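S.K.: Mind having a look at this structure? Questions to follow.
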Amino acid sequence: MKAISSIIDTGALVRNLRRIREMSPNSKLLAVVKANAYGHGLYPVAAALKDDADAFAVSRIEEALSLRTQGIIKPIVLLEGFFNPEDVELVSRYDLYTAVHDLRQVEAIEKAQIKKPVNCWVQVDIGMHRLGSCDLDEVAEIKRRLEASPNTVKPLGLISHLSVADTPSEQKYNEQQQDNFFNFVEKLGFEGDLSLGNSAGICKWTRSHTTWVRPGIIMYGISPFEDANGQDLGLEPVMTLKASLIAIHKLKKGDKVGYGATYVAPRDTILGIISAGYGDGYPRTAPTGTPVYLNGRYVSTVGHVCMDMLFVDLGLDSHDQIGDSAVLWGKEVPVETVASRCGTIPYELVCHIMPRVNTEYTSN
Ligand SMILES: *Cc1c(COP(=O)(O)O)cnc(C)c1O
(Lines give C-alpha, C1' and ligand atoms only; values in the text may rest on other atoms or scores of the structure.)
Protein backbone atom coordinates (compact mmCIF):
# COMPACT_ATOMS: atom_id res chain seq x y z
CA MET A 1 0.00 0.00 0.00
CA LYS A 2 1.26 3.46 -0.98
CA ALA A 3 0.86 6.27 1.53
CA ILE A 4 0.01 8.83 -1.12
CA SER A 5 0.15 8.88 -4.90
CA SER A 6 -0.48 11.46 -7.54
CA ILE A 7 -1.60 9.55 -10.61
CA ILE A 8 -1.12 11.54 -13.81
CA ASP A 9 -3.17 10.49 -16.83
CA THR A 10 -1.13 11.59 -19.85
CA GLY A 11 -3.95 10.42 -22.12
CA ALA A 12 -6.25 12.99 -20.52
CA LEU A 13 -3.53 15.62 -20.94
CA VAL A 14 -3.32 14.98 -24.68
CA ARG A 15 -7.14 14.92 -25.05
CA ASN A 16 -7.39 18.22 -23.16
CA LEU A 17 -4.84 19.80 -25.48
CA ARG A 18 -6.81 18.62 -28.51
CA ARG A 19 -9.98 20.09 -26.97
CA ILE A 20 -8.11 23.38 -26.47
CA ARG A 21 -7.15 23.36 -30.14
CA GLU A 22 -10.85 23.13 -31.00
CA MET A 23 -11.57 26.10 -28.72
CA SER A 24 -8.98 28.34 -30.43
CA PRO A 25 -8.51 26.72 -33.84
CA ASN A 26 -6.52 29.56 -35.40
CA SER A 27 -3.88 29.81 -32.69
CA LYS A 28 -0.73 27.87 -31.98
CA LEU A 29 -0.61 26.29 -28.53
CA LEU A 30 2.09 27.32 -26.09
CA ALA A 31 1.71 24.68 -23.39
CA VAL A 32 2.47 26.27 -20.01
CA VAL A 33 4.56 23.85 -17.91
CA LYS A 34 5.99 26.23 -15.30
CA ALA A 35 6.06 25.27 -11.60
CA ASN A 36 6.75 21.60 -12.29
CA ALA A 37 3.88 21.61 -14.81
CA TYR A 38 1.48 22.83 -12.12
CA GLY A 39 2.66 19.99 -9.88
CA HIS A 40 2.13 17.34 -12.57
CA GLY A 41 5.85 16.83 -13.38
CA LEU A 42 7.78 19.11 -15.76
CA TYR A 43 9.53 16.63 -18.00
CA PRO A 44 6.88 13.86 -18.11
CA VAL A 45 4.20 16.40 -19.04
CA ALA A 46 6.35 17.99 -21.75
CA ALA A 47 7.29 14.55 -23.07
CA ALA A 48 3.61 13.54 -23.22
CA LEU A 49 2.78 16.70 -25.17
CA LYS A 50 5.83 16.83 -27.40
CA ASP A 51 3.85 16.01 -30.56
CA ASP A 52 0.64 17.94 -29.74
CA ALA A 53 1.94 21.20 -28.27
CA ASP A 54 3.52 23.74 -30.64
CA ALA A 55 5.87 25.04 -27.95
CA PHE A 56 6.34 25.13 -24.18
CA ALA A 57 6.33 28.04 -21.74
CA VAL A 58 8.13 28.28 -18.41
CA SER A 59 8.90 31.06 -15.92
CA ARG A 60 12.50 30.35 -15.02
CA ILE A 61 15.52 29.61 -17.15
CA GLU A 62 16.32 26.55 -14.98
CA GLU A 63 13.01 25.02 -16.06
CA ALA A 64 13.84 25.61 -19.72
CA LEU A 65 17.36 24.17 -19.42
CA SER A 66 16.00 21.11 -17.65
CA LEU A 67 13.65 20.47 -20.57
CA ARG A 68 16.38 21.04 -23.17
CA THR A 69 18.92 18.81 -21.48
CA GLN A 70 16.31 16.05 -21.26
CA GLY A 71 15.75 16.21 -25.00
CA ILE A 72 12.75 18.51 -25.55
CA ILE A 73 13.42 20.22 -28.89
CA LYS A 74 10.25 22.30 -29.43
CA PRO A 75 10.53 26.07 -28.85
CA ILE A 76 10.55 27.07 -25.17
CA VAL A 77 9.43 30.55 -24.11
CA LEU A 78 10.64 32.29 -20.95
CA LEU A 79 7.48 34.11 -19.81
CA GLU A 80 9.39 36.43 -17.46
CA GLY A 81 12.44 36.69 -19.64
CA PHE A 82 15.88 36.22 -18.08
CA PHE A 83 16.91 37.71 -14.73
CA ASN A 84 20.70 38.09 -15.15
CA PRO A 85 22.62 39.62 -18.08
CA GLU A 86 24.88 36.55 -18.30
CA ASP A 87 21.82 34.40 -19.01
CA VAL A 88 21.47 35.86 -22.54
CA GLU A 89 24.25 33.51 -23.59
CA LEU A 90 22.18 30.53 -22.33
CA VAL A 91 19.05 31.85 -24.06
CA SER A 92 21.00 31.90 -27.32
CA ARG A 93 22.87 28.62 -26.83
CA TYR A 94 19.76 26.66 -25.86
CA ASP A 95 17.54 28.31 -28.46
CA LEU A 96 15.03 29.76 -26.01
CA TYR A 97 12.50 32.50 -26.75
CA THR A 98 12.58 35.29 -24.22
CA ALA A 99 10.02 37.87 -23.16
CA VAL A 100 11.64 41.31 -22.78
CA HIS A 101 9.89 43.61 -20.37
CA ASP A 102 12.37 46.39 -19.64
CA LEU A 103 15.37 48.35 -20.87
CA ARG A 104 17.65 46.49 -18.49
CA GLN A 105 16.98 43.31 -20.44
CA VAL A 106 17.35 45.20 -23.73
CA GLU A 107 20.78 46.43 -22.68
CA ALA A 108 21.85 42.91 -21.70
CA ILE A 109 20.82 41.62 -25.13
CA GLU A 110 22.64 44.48 -26.91
CA LYS A 111 25.86 43.82 -25.00
CA ALA A 112 25.81 40.02 -25.15
CA GLN A 113 28.57 38.24 -27.07
CA ILE A 114 26.49 35.56 -28.76
CA LYS A 115 26.72 33.54 -31.95
CA LYS A 116 23.01 32.93 -32.56
CA PRO A 117 20.50 35.81 -32.32
CA VAL A 118 17.66 35.31 -29.84
CA ASN A 119 13.89 35.28 -30.42
CA CYS A 120 12.36 38.10 -28.39
CA TRP A 121 8.75 38.81 -27.47
CA VAL A 122 8.28 42.37 -26.23
CA GLN A 123 6.20 42.19 -23.07
CA VAL A 124 3.72 45.01 -22.49
CA ASP A 125 1.31 45.92 -19.71
CA ILE A 126 -2.33 46.21 -20.75
CA GLY A 127 -3.84 46.60 -17.29
CA MET A 128 -2.31 44.21 -14.77
CA HIS A 129 0.79 46.24 -13.85
CA ARG A 130 2.95 43.15 -13.41
CA LEU A 131 5.60 42.97 -16.15
CA GLY A 132 6.17 45.36 -19.02
CA SER A 133 5.40 48.99 -19.67
CA CYS A 134 2.00 50.42 -20.56
CA ASP A 135 3.66 53.49 -22.08
CA LEU A 136 3.74 53.63 -25.89
CA ASP A 137 6.94 55.67 -26.02
CA GLU A 138 8.81 53.38 -23.66
CA VAL A 139 7.70 50.28 -25.56
CA ALA A 140 8.62 51.99 -28.85
CA GLU A 141 12.12 52.54 -27.45
CA ILE A 142 12.42 48.87 -26.42
CA LYS A 143 11.24 47.80 -29.86
CA ARG A 144 13.54 50.21 -31.72
CA ARG A 145 16.64 49.12 -29.81
CA LEU A 146 15.88 45.40 -30.10
CA GLU A 147 15.30 45.82 -33.85
CA ALA A 148 18.59 47.66 -34.20
CA SER A 149 20.55 44.94 -32.41
CA PRO A 150 22.16 42.15 -34.45
CA ASN A 151 21.55 39.88 -31.46
CA THR A 152 17.79 39.53 -32.08
CA VAL A 153 15.68 37.61 -34.58
CA LYS A 154 13.32 39.80 -36.61
CA PRO A 155 10.40 40.44 -36.61
CA LEU A 156 9.90 40.76 -32.85
CA GLY A 157 6.92 39.19 -31.13
CA LEU A 158 4.54 40.83 -28.67
CA ILE A 159 3.20 39.28 -25.47
CA SER A 160 0.86 40.45 -22.74
CA HIS A 161 -1.40 38.99 -20.06
CA LEU A 162 -5.07 39.48 -19.14
CA SER A 163 -5.72 40.16 -15.45
CA VAL A 164 -9.47 39.47 -15.13
CA ALA A 165 -10.09 36.96 -17.92
CA ASP A 166 -11.45 34.50 -15.34
CA THR A 167 -14.16 36.99 -14.32
CA PRO A 168 -16.88 37.12 -17.00
CA SER A 169 -18.65 39.99 -15.19
CA GLU A 170 -15.60 42.15 -15.94
CA GLN A 171 -16.65 42.41 -19.60
CA LYS A 172 -15.61 46.05 -19.91
CA TYR A 173 -12.16 45.71 -18.36
CA ASN A 174 -11.47 42.61 -20.45
CA GLU A 175 -12.45 44.41 -23.66
CA GLN A 176 -10.33 47.40 -22.62
CA GLN A 177 -7.27 45.20 -22.04
CA GLN A 178 -7.72 43.53 -25.42
CA ASP A 179 -8.09 47.02 -27.01
CA ASN A 180 -4.85 48.07 -25.31
CA PHE A 181 -3.06 45.03 -26.71
CA PHE A 182 -4.14 45.68 -30.30
CA ASN A 183 -3.36 49.36 -29.86
CA PHE A 184 0.29 48.41 -29.26
CA VAL A 185 0.20 46.19 -32.36
CA GLU A 186 -1.19 48.93 -34.60
CA LYS A 187 0.56 52.01 -33.23
CA LEU A 188 4.00 50.39 -33.07
CA GLY A 189 3.64 48.12 -36.09
CA PHE A 190 4.42 44.76 -34.54
CA GLU A 191 4.67 42.28 -37.41
CA GLY A 192 5.84 39.19 -35.55
CA ASP A 193 3.94 36.65 -33.48
CA LEU A 194 1.36 37.89 -30.98
CA SER A 195 0.48 36.11 -27.75
CA LEU A 196 -2.35 37.10 -25.43
CA GLY A 197 -4.87 34.48 -24.24
CA ASN A 198 -4.33 32.33 -21.14
CA SER A 199 -6.76 29.53 -20.19
CA ALA A 200 -9.62 31.86 -19.33
CA GLY A 201 -8.96 33.90 -22.47
CA ILE A 202 -9.12 30.73 -24.57
CA CYS A 203 -12.48 29.81 -22.98
CA LYS A 204 -14.16 33.24 -22.96
CA TRP A 205 -12.37 36.00 -24.89
CA THR A 206 -11.97 35.22 -28.58
CA ARG A 207 -10.02 38.39 -29.38
CA SER A 208 -7.23 36.96 -27.22
CA HIS A 209 -6.89 34.05 -29.68
CA THR A 210 -3.75 35.53 -31.22
CA THR A 211 -0.90 33.76 -33.09
CA TRP A 212 -0.14 31.93 -29.85
CA VAL A 213 -2.40 31.18 -26.91
CA ARG A 214 -0.99 30.03 -23.58
CA PRO A 215 -3.09 27.29 -22.00
CA GLY A 216 -2.04 26.43 -18.46
CA ILE A 217 -4.65 25.24 -15.98
CA ILE A 218 -7.14 23.96 -18.59
CA MET A 219 -4.51 21.60 -20.00
CA TYR A 220 -4.55 19.89 -16.63
CA GLY A 221 -8.33 19.60 -16.90
CA ILE A 222 -9.03 22.28 -14.30
CA SER A 223 -11.30 25.28 -14.71
CA PRO A 224 -9.99 28.83 -14.32
CA PHE A 225 -13.51 29.98 -13.41
CA GLU A 226 -15.04 29.88 -9.95
CA ASP A 227 -18.46 28.81 -11.14
CA ALA A 228 -17.43 25.85 -13.31
CA ASN A 229 -15.41 22.65 -13.15
CA GLY A 230 -13.06 21.42 -15.84
CA GLN A 231 -15.61 18.76 -16.68
CA ASP A 232 -18.17 21.51 -17.49
CA LEU A 233 -15.67 22.83 -20.05
CA GLY A 234 -15.26 19.43 -21.72
CA LEU A 235 -11.95 18.71 -19.98
CA GLU A 236 -10.76 15.71 -17.98
CA PRO A 237 -8.83 16.01 -14.72
CA VAL A 238 -5.25 14.86 -15.27
CA MET A 239 -4.20 14.42 -11.62
CA THR A 240 -5.79 11.99 -9.17
CA LEU A 241 -4.49 12.32 -5.61
CA LYS A 242 -4.97 9.08 -3.70
CA ALA A 243 -4.05 8.00 -0.18
CA SER A 244 -4.72 4.98 2.00
CA LEU A 245 -6.85 4.23 5.00
CA ILE A 246 -4.25 3.31 7.65
CA ALA A 247 -6.31 3.12 10.89
CA ILE A 248 -9.93 2.83 12.01
CA HIS A 249 -11.39 3.74 15.43
CA LYS A 250 -14.79 3.62 17.10
CA LEU A 251 -15.83 7.06 18.35
CA LYS A 252 -18.37 7.78 21.08
CA LYS A 253 -20.51 10.88 20.96
CA GLY A 254 -18.44 13.66 22.57
CA ASP A 255 -15.02 12.20 21.71
CA LYS A 256 -12.55 14.83 20.59
CA VAL A 257 -10.53 14.39 17.41
CA GLY A 258 -7.08 15.63 16.42
CA TYR A 259 -4.81 18.55 17.33
CA GLY A 260 -6.55 21.19 19.32
CA ALA A 261 -9.47 18.81 19.90
CA THR A 262 -11.42 21.05 17.55
CA TYR A 263 -13.79 18.35 16.36
CA VAL A 264 -16.21 16.81 18.85
CA ALA A 265 -18.15 13.79 17.57
CA PRO A 266 -21.84 14.77 17.48
CA ARG A 267 -22.87 11.07 17.59
CA ASP A 268 -21.27 7.64 17.81
CA THR A 269 -19.41 6.90 14.60
CA ILE A 270 -16.37 5.25 13.05
CA LEU A 271 -13.31 7.39 12.37
CA GLY A 272 -10.81 6.73 9.58
CA ILE A 273 -7.20 7.89 9.41
CA ILE A 274 -5.95 8.63 5.88
CA SER A 275 -2.24 8.80 5.02
CA ALA A 276 -2.16 12.31 3.54
CA GLY A 277 -1.49 15.66 5.15
CA TYR A 278 -0.18 19.13 4.55
CA GLY A 279 3.34 17.66 4.34
CA ASP A 280 2.15 16.11 1.08
CA GLY A 281 0.33 19.18 -0.16
CA TYR A 282 -3.17 18.42 1.06
CA PRO A 283 -4.17 21.82 2.46
CA ARG A 284 -4.39 22.31 6.21
CA THR A 285 -7.09 24.88 5.50
CA ALA A 286 -9.48 22.11 4.39
CA PRO A 287 -12.36 22.49 6.84
CA THR A 288 -14.40 19.72 8.47
CA GLY A 289 -16.79 18.54 5.76
CA THR A 290 -14.38 18.53 2.81
CA PRO A 291 -15.34 15.55 0.62
CA VAL A 292 -13.14 12.48 0.19
CA TYR A 293 -14.20 9.57 -2.05
CA LEU A 294 -13.83 6.12 -0.49
CA ASN A 295 -15.32 2.78 -1.48
CA GLY A 296 -17.99 4.21 -3.76
CA ARG A 297 -19.30 7.02 -1.55
CA TYR A 298 -18.32 10.40 -0.16
CA VAL A 299 -17.07 10.75 3.38
CA SER A 300 -16.07 14.02 5.08
CA THR A 301 -12.87 15.20 6.65
CA VAL A 302 -13.13 16.11 10.34
CA GLY A 303 -10.79 18.08 12.60
CA HIS A 304 -7.51 19.66 11.59
CA VAL A 305 -5.46 18.13 8.77
CA CYS A 306 -2.11 16.97 10.23
CA MET A 307 1.29 16.95 8.49
CA ASP A 308 1.06 13.29 7.43
CA MET A 309 -2.54 12.26 8.10
CA LEU A 310 -6.10 13.44 8.06
CA PHE A 311 -9.33 12.26 9.68
CA VAL A 312 -12.53 11.20 7.95
CA ASP A 313 -15.91 10.27 9.40
CA LEU A 314 -16.69 6.83 7.98
CA GLY A 315 -20.16 6.54 9.56
CA LEU A 316 -21.44 3.74 11.82
CA ASP A 317 -22.22 1.35 8.96
CA SER A 318 -18.65 1.52 7.57
CA HIS A 319 -17.24 -1.69 6.10
CA ASP A 320 -14.00 0.02 5.13
CA GLN A 321 -10.75 -1.87 5.61
CA ILE A 322 -7.20 -0.82 6.37
CA GLY A 323 -5.43 -0.41 3.04
CA ASP A 324 -8.48 0.88 1.16
CA SER A 325 -7.68 3.68 -1.22
CA ALA A 326 -9.31 7.12 -0.96
CA VAL A 327 -9.47 9.82 -3.64
CA LEU A 328 -8.63 13.25 -2.24
CA TRP A 329 -9.12 14.91 -5.61
CA GLY A 330 -9.56 13.79 -9.18
CA LYS A 331 -12.58 12.77 -11.25
CA GLU A 332 -14.75 11.88 -8.24
CA VAL A 333 -13.76 14.93 -6.17
CA PRO A 334 -13.00 17.94 -8.38
CA VAL A 335 -9.91 19.79 -7.13
CA GLU A 336 -11.98 22.92 -7.80
CA THR A 337 -14.37 21.81 -5.01
CA VAL A 338 -11.55 21.20 -2.52
CA ALA A 339 -9.98 24.57 -3.40
CA SER A 340 -13.20 26.48 -2.94
CA ARG A 341 -13.77 24.81 0.47
CA CYS A 342 -10.25 25.95 1.42
CA GLY A 343 -10.75 29.51 0.22
CA THR A 344 -8.11 29.18 -2.49
CA ILE A 345 -7.82 28.37 -6.19
CA PRO A 346 -7.09 24.93 -7.62
CA TYR A 347 -3.85 26.26 -9.15
CA GLU A 348 -2.38 26.51 -5.66
CA LEU A 349 -3.41 23.00 -4.59
CA VAL A 350 -1.87 21.19 -7.58
CA CYS A 351 1.31 23.32 -7.44
CA HIS A 352 1.79 22.37 -3.79
CA ILE A 353 2.18 18.63 -4.33
CA MET A 354 5.34 17.80 -2.35
CA PRO A 355 8.31 15.79 -3.63
CA ARG A 356 7.62 12.88 -1.25
CA VAL A 357 4.30 12.17 -3.00
CA ASN A 358 4.74 9.16 -5.26
CA THR A 359 3.92 10.38 -8.78
CA GLU A 360 2.82 7.70 -11.26
CA TYR A 361 2.15 8.15 -14.95
CA THR A 362 -0.52 6.22 -16.80
CA SER A 363 -2.25 6.72 -20.10
CA ASN A 364 -5.95 5.96 -20.23
C1 LIG B 1 0.94 31.10 -15.87
C2 LIG B 1 0.74 31.92 -17.08
C3 LIG B 1 -0.16 31.51 -18.07
C4 LIG B 1 -1.08 30.34 -17.91
O5 LIG B 1 -2.18 30.75 -17.12
P6 LIG B 1 -3.44 29.79 -16.94
O7 LIG B 1 -4.43 30.63 -16.23
O8 LIG B 1 -2.99 28.63 -16.14
O9 LIG B 1 -3.86 29.41 -18.31
C10 LIG B 1 -0.22 32.25 -19.24
N11 LIG B 1 0.56 33.34 -19.41
C12 LIG B 1 1.41 33.77 -18.46
C13 LIG B 1 2.22 35.00 -18.72
C14 LIG B 1 1.52 33.10 -17.27
O15 LIG B 1 2.36 33.55 -16.32
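S.K.: Name the pairs: first residue in segment 277-294 and within 17 Å of Ala3 (Cβ to Cβ) and open to solvent by 10 Å² or more (accessible area, probe 1.4 Å), second residue modelled with pLDDT of 95 or more and of a type in the set (Asp, Glu), Cβ to Cβ under 7 Å, at least 6 apart or on different chains?
M.R.: From residues that are within 17 Å of Ala3 (Cβ to Cβ) and open to solvent by 10 Å² or more (accessible area, probe 1.4 Å), the pairs are Gly279/Asp308.
S.K.: If you don't mind, there's one more thing I want to ask. From the set of residues in segment 160-199 that are in contact with a Gly (Cβ under 8 Å, 6 or more places away or on another chain) and under 30 Å from Lys116 (Cβ atoms), which is most open to solvent (accessible area, probe 1.4 Å)?
M.R.: Of everything passing the filter in segment 160-199, Asp193 is most open to solvent (accessible area, probe 1.4 Å).
S.K.: Could you list all residues from segment 168-194 that are assigned to a loop (DSSP other than H, G, I, E, B) and touching a residue at least 12 places away in the same chain (Cβ under 8 Å)? Explain how you work it out, then say what you get.
M.R.: Initially, segment 168-194 is screened for residues assigned to a loop (DSSP other than H, G, I, E, B), giving 168-170, 189-193.
Pro168, Phe190, Glu191, Gly192, Asp193 - these are the residues of segment 168-194 that are assigned to a loop (DSSP other than H, G, I, E, B) and touching a residue at least 12 places away in the same chain (Cβ under 8 Å).
S.K.: When both residues are 6+ apart or on different chains and their Cβ atoms are under 8 Å apart, which pairs have a first residue that lies in segment 151-163 and is outside any loop (DSSP other than H, G, I, E, B), and a second that is of a type in the set (Ser, Thr, Tyr)?
M.R.: Correct list of pairs: Gly157/Tyr97; Gly157/Ser195; Gly157/Thr211; Leu158/Ser195; Ile159/Ser195.
S.K.: I'd like to know if segment 208-215 contains one or more residues that are surrounded by 23 or more Cβ atoms within 10 Å (Cβ to Cβ), among the aromatic types (Phe, Trp, Tyr) and within 12 Å of the ligand (Cβ to nearest atom).
M.R.: For segment 208-215, residues surrounded by 23 or more Cβ atoms within 10 Å (Cβ to Cβ), among the aromatic types (Phe, Trp, Tyr) and within 12 Å of the ligand (Cβ to nearest atom): present.
S.K.: Quick one: Tyr97 ticks every box in (1) without any contact (Cβ under 8 Å) to a residue 12 or more places away in the chain; (2) surrounded by 14 or more Cβ atoms within 10 Å (Cβ to Cβ) except a single one, so which number is it?
M.R.: Going through the list (1) without any contact (Cβ under 8 Å) to a residue 12 or more places away in the chain; (2) surrounded by 14 or more Cβ atoms within 10 Å (Cβ to Cβ), Tyr97 breaks only (1).
S.K.: Something else: Condition first: more than 17 Å from Pro215 (Cβ to Cβ), within 16 Å of the ligand (Cβ to nearest atom) and polar (S, T, N, Q). Now tell me which residues in segment 146-201 satisfy that.
M.R.: Within segment 146-201, Ser163, Thr167, Asn174, Gln177, Gln178, Asn180 meet the criteria.
S.K.: What are the residues in segment 115-128 that are surrounded by fewer than 20 Cβ atoms within 10 Å (Cβ to Cβ) and farther than 10 Å from His161 by Cα, if any?
M.R.: If the condition is that a residue be surrounded by fewer than 20 Cβ atoms within 10 Å (Cβ to Cβ) and farther than 10 Å from His161 by Cα, then Lys115, Lys116, Pro117 are the ones that fit.
S.K.: So which residues in segment 46-61 are assigned to a helix (DSSP H, G or I) and more than 16 Å from the ligand (Cβ to nearest atom)?
M.R.: Just the residues of segment 46-61 that are assigned to a helix (DSSP H, G or I), to begin with: 46-48, 61.
Of everything in segment 46-61, those that are assigned to a helix (DSSP H, G or I) and more than 16 Å from the ligand (Cβ to nearest atom) turn out to be Ala47, Ala48.
S.K.: Something else about it: Out of the residues in segment 68-94 that are outside any strand (DSSP E or B) and under 17 Å from the mean Cα position of the chain (by Cα), which is nearest to the ligand (Cβ to nearest atom)? It would help to see each step written out before you state the result.
M.R.: As a first pass, look at segment 68-94 and keep what is outside any strand (DSSP E or B): 68-75, 79-94.
Those left that are additionally under 17 Å from the mean Cα position of the chain (by Cα): 79-80.
Values: Leu79: 4, Glu80: 8 Å.
Looking at residues that are outside any strand (DSSP E or B) and under 17 Å from the mean Cα position of the chain (by Cα), I get Leu79.
S.K.: Hey, another quick one. Can you name every residue in segment 306-356 that is of a type in the set (Val, Ile, Thr), in contact with a helix residue (DSSP H, G or I) (Cβ under 8 Å, 6 or more places away or on another chain) and more than 18 Å from Gly277 (Cβ to Cβ)?
M.R.: To start, the set of residues in segment 306-356 that are of a type in the set (Val, Ile, Thr) comprises 312, 322, 327, 333, 335, 337-338, 344-345, 350, 353.
Cutting the leftovers down to in contact with a helix residue (DSSP H, G or I) (Cβ under 8 Å, 6 or more places away or on another chain) gives us 335, 338, 345, 350, 353.
Of everything in segment 306-356, just one residue is of a type in the set (Val, Ile, Thr), in contact with a helix residue (DSSP H, G or I) (Cβ under 8 Å, 6 or more places away or on another chain) and more than 18 Å from Gly277 (Cβ to Cβ), namely Ile345.
S.K.: Is it the case that some residue within segment 223-244 is within 16 Å of the ligand (Cβ to nearest atom), within 22 Å of Ala12 (Cα to Cα) and among the basic types (Lys, Arg)?
M.R.: No; the residues of segment 223-244 include none that is within 16 Å of the ligand (Cβ to nearest atom), within 22 Å of Ala12 (Cα to Cα) and among the basic types (Lys, Arg).
S.K.: Right, Pro334: touching a residue at least 40 places away in the same chain (Cβ under 8 Å) and either within 16 Å of the ligand (Cβ to nearest atom) or of a type in the set (Ser, Thr, Tyr) (or both) or not? So that I can check it myself, show each step before the final result.
M.R.: Details: touching a residue at least 40 places away in the same chain (Cβ under 8 Å): yes; either within 16 Å of the ligand (Cβ to nearest atom) or of a type in the set (Ser, Thr, Tyr) (or both): no.
In short, no.
S.K.: Counting residues that are over 27 Å from the mean Cα position of the chain (by Cα), which strands (runs of 3 or more DSSP E) fully inside segment 195-304 reach at least 3? Talk me through it step by step, then tell me what you get.
M.R.: Numbers: elements: 239-251, 269-274, 291-294, 297-302.
Filter on segment 195-304 gives 239-251, 269-274, 297-302.
S.K.: So Asp317 fits all but one of (1) more than 16 Å from the ligand (Cβ to nearest atom); (2) within 30 Å of Gly234 (Cα to Cα); (3) open to solvent by 80 Å² or more (accessible area, probe 1.4 Å); what number is the exception?
M.R.: Failing condition for Asp317: (2).
The values are calculated or read from the model by the stated rules, or taken from the named source; none is laboratory data. Since this is a predicted model, take the numbers as computed values, not measurements. Note that we place each Cβ from the backbone using ideal geometry, even for glycine, and neighbour counts take in every protein chain shown. Each accessible area value is taken on the protein alone, full model and side chains, heavy atoms only, with ligands, DNA and RNA left out. Shrake-Rupley method; radii C 1.70, N 1.55, O 1.52, S 1.80 Å.
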